[in-house]
Amino acid sequence: MSARERRLKELREEIGEVTPAEANELVDQGGLLIDVREPEEIAEGSPTSALRISRGWLELQIERQVPDTDRTLLVLCSGGTRSLFAADGLRRLGYSHVRSVSGGFNRWKDEGLAFEIPRVLDADARARYARQISLPEIGAEGQARLAGSRVLLIGAGGLGSPAAMYLAAAGVGTLGIVDHDTVDRSNLQRQILHTDAAVGTPKVESARHTLNALNPGVEVLGIEEHLTSDNIERIFEGYDVIVDGSDNFPTRYLVNDACVRLSLPNVHGAVFRFDGQASVFWPGGPHGGPCYRCLYPEPPPPDQAPSCAEAGVMGVLPGLIGTLQALEALKILLDKGQPLVGRLLCFDGLGGEFRELRVRQDPACAWCATDGDVPAYIDYERFCAAG
Amino acid sequence: MAEVTLRIPTPLQPYANGNGELRAEAGYVDELLERIGAEHQALVQRIRTRDGQLRPYVNVFVRRTDIRELQGLETELHDGDEVIVMPSVAGG
Ligand SMILES: [Zn+2]
């Protein structure tokens, strides 16, 4: 008998084995199944309820994931050998109820027990997102969640540019971009998605080119349309988060009203000269809170809106606000932290001051707060708003 | 009477001779607007209508809270309060 065989025999006796069916039953009684195989193996399938930590990381990560050392842990590998060594490691850490699943995942599958093909990260993704995966709030699971997420950006302009860059860099799987404009040289001072060479080309094309150069793994869908009451619900379909980086009031109100109707989070940002503001409007979400109309029930009439002559913005301002929007979108997708719900974060660029203003749901808001029919979409008159 | 500061964001500064803030003594928000309006009529017209209603695209915050949640234009002011006017902006 080799040293390996002798040790395995000892471990089988010391630790104890259970069949996959028994393990499954113990999970129903509060036990936890831990799949210790490598990511490449898990990519082919893993028990539906399993916690997945590969053998090499097990002792380093288990305490954070399972603080209760009295919990029944059922360790699973492919054939039931590695799981014995892994179970031994857990026992040495102080876990008192550890069993190894005999026959491993192969037998688990053969016995017809539930498994799934998890979303896993390939080698490129593991390298690319290493600094994010190492954050406990994200991890491989959160990263896979981002890969399966869809964010729609309204506008590939001053706010949409930095937002899209960071969302693509962070690994959001699908980015839709609604913009019907072409790149103008005067955009380049702030719209960092576009380059001098892209002047005259559609912004959605230019955006796709830049974003895929940064991260080829992101699917960029260009929607070269004007948002209207007729097309907005069709365009919004299938997205998890809307990032509003539009440059005019009619679009902002359409975006708000559609987000309220569809219960989508509306990650708001707006800039003017040296000032900017950001918030999250998501009355249908888990945090409640106001919609944009609770804050500003109606857009200003043309004669009260800032005139074209006054339009102007320091290019860095949308950079700051757009990246805040990207952060809020990521927090929502990952379900981590406190979103800017019910808070309007205002930045005074010249003063160098952030101020947080409290905003609440207006109990009389016909769009988000009352039980009656939600009013129909409104296509407000388009006039030159400061963009 | 309380000594307060009215903060004016850039979109409205052209109506306040370019000022980013104005100081005044007032007991209530409407009184503050009245006093400011004596010198900066165009500014106050952008905040409320001629019949004294807040405009639906401008908000006023006292102590970081929307005055619609407090007592509206009758919200009382305390010494050192910062009154912030926040019009909606659409730039992107
Ligand atoms: Zn509302």
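What to note about this one:
- Meets criteria (part of a loop (DSSP other than H, G, I, E, B) and among the aliphatic types (A, V, I, L, M)) for residue A:350: yes
- Selection status of residue A:217, more than 14 Å from chain B (Cβ to nearest Cβ) and open to solvent by 50 Å² or more (accessible area, probe 1.4 Å): yes
- First in the range A:347-363 and open to solvent by less than 40 Å² (accessible area, probe 1.4 Å) and more than 15 Å from the ligand (Cβ to nearest atom), second anywhere and in a strand (DSSP E or B) and acidic (Asp, Glu), Cβ under 9 Å, 6 or more apart: A:347/A:275; A:347/A:353; A:348/A:275; A:349/A:275; A:355/A:348; A:355/B:82; A:357/B:66
Residues are listed down the side, and each one gets a yes or a no for (1) in a helix (DSSP H, G or I); (2) modelled with pLDDT of 95 or more:
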| position | (1), (2) |
| --- | --- |
| A:221 | no, yes |
| A:233 | yes, yes |
| A:243 | no, yes |
| A:256 | yes, yes |
| A:264 | no, yes |
| A:278 | no, yes |
| A:300 | no, no |
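Quick grid of which residues meet (1) among the β-branched types (Val, Ile, Thr); (2) within 9 Å of chain B (Cβ to nearest Cβ); (3) touching a Gly at 6+ places or on another chain (Cβ under 6 Å); (4) under 30 Å from residue B:72 (Cα atoms):
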| position | (1), (2), (3), (4) |
| --- | --- |
| A:299 | no, yes, no, yes |
| A:323 | yes, no, no, no |
| A:328 | no, no, no, no |
| A:374 | yes, no, no, yes |
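- Selected residue (only one of A:244, A:257 is within 16 Å of the ligand (Cβ to nearest atom), of a type outside the set (Phe, Trp, Tyr) and within 18 Å of the chain's Cα centre (by Cα)): A:244
- From B:64, B:55, B:7, B:48, residue being more than 11 Å from every other protein chain (Cβ to nearest Cβ) and basic (Lys, Arg): B:48
- In the range A:326-344 there is at least one residue that is more than 16 Å from the ligand (Cβ to nearest atom), open to solvent by 60 Å² or more (accessible area, probe 1.4 Å) and more than 23 Å from residue A:164 (Cβ to Cβ).
- Failed item, numbered, when residue A:281 is tested on (1) over 25 Å from residue B:68 (Cβ atoms); (2) touching a helix residue (DSSP H, G or I) at 6+ places or on another chain (Cβ under 8 Å): (1)
- Scan of the range A:63-87 for residues that are part of a helix (DSSP H, G or I) and open to solvent by less than 10 Å² (accessible area, probe 1.4 Å), ordered by number: A:83, A:84, A:86, A:87
- For residue A:105, the requirement of being among the hydrophobic types (A, V, I, L, M, F, W, C) and open to solvent by 10 Å² or more (accessible area, probe 1.4 Å) is not met.
- Restricting attention to the range A:33-52 and to residues that are in contact with a helix residue (DSSP H, G or I) (Cβ under 6 Å, 6 or more places away or on another chain) and open to solvent by 50 Å² or more (accessible area, probe 1.4 Å), the residue that is modelled with the lowest pLDDT turns out to be A:49.
The values are calculated or read from the model by the stated rules, or taken from the named source; none is laboratory data. No experiment lies behind these values; they were computed from the predicted model shown. All Cβ positions, even for glycine, are placed from backbone atoms using ideal geometry, and neighbour counts span all protein chains on display. Note: accessible area is taken over every heavy atom of the protein model, side chains too, but ligands, DNA and RNA are not part of it. Shrake-Rupley method; radii C 1.70, N 1.55, O 1.52, S 1.80 Å.
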